[in-house]
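Only the coordinates and a few stated rules stand behind these numbers; no lab work does. Note that the structure is predicted; figures quoted are calculated from it, not measured. With ideal geometry, Cβ positions are generated from the backbone for all residues, glycine too; neighbour counts draw on all protein chains shown.
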Amino acid sequence: MGRSSSHSTDSKRYYDWLYHARLDYIAAKHIAKDKNCNCLTAFHCQQCIEKALKGYLLYKNRRLFDGHNLTWLCKQAILADRTFECWLEKSSALNRYYIESRYPADIPMEVDEETKLSLLGATEEMLEFICDEIKFDFNSYHKRKI
């Protein structure tokens, strides 16, 4: 959950993380068109913010953080910049969609239309905030060539 990454294959380029975060947001918006896929929309919103926070933390701390807990990742961002305090509640709300949205359970998770739209809105706001903080422009990004 809260440890430095030992994954040698994960990119150490923060722009790569923001690029993939944006792809998750784009996927969430496309999937959201199908009302049967609200849980998958929620999952991609969670993934977007996880990658965006990891990109931000890599930018600020020059190290890659491991784990999927958005609350913990947001608290790490708060240590670098107190303005992230305003995102703690929204990151905590998104946090629950990492596992529960993808696996069957005895008590199934339901994501209604209002919740889906709220998650999409919060995700877009937080992603834009992080991109602005590190001056990332999705349309200007160039993938690294091998």
**Complete:** Going through K33/K135; K51/K135; K35/K143; K12/K33; K12/K116; K33/K143 one by one, the pairs whose alpha carbons sit over 26 Å apart turn out to be K33/K135; K35/K143; K12/K33; K12/K116; K33/K143
**Fill in**
Treating only Lys and Arg (+1) and Asp and Glu (-1) as charged, each at its beta carbon, one finds that the chain has a dipole about its Cα centre, in Debye to the nearest 20, of 880
**Asked** Hey, how much of the P(r) for the range 7-146 falls beyond 22 Å, as a percent of Cα pairs?
**Response** 36
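Assuming R0 = 30 Å, what is the FRET efficiency of K29 and I107, from their Cβ-Cβ distance, to the nearest 0.05? Provide the component values of the computation, followed by the final result.
On the way: r = 28 Å, r/R0 = 0.93.
The calculated FRET efficiency here is 0.60.
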**Request:** Assuming R0 = 41 Å, can you tell me the calculated FRET efficiency for the pair C86 and N36, based on Cβ-Cβ distance, to the nearest 0.05?
**Result:** 0.80
**Item:** 3J(HN,Hα) from dihedral phi, the range 29-44, Karplus parametrisation 6.51/-1.76/1.60, rounded to Hz, x for glycine, proline
**Value:** 5, 5, 5, 4, 5, 9, 5, 7, 10, 4, 5, 5, 4, 4, 4, 5
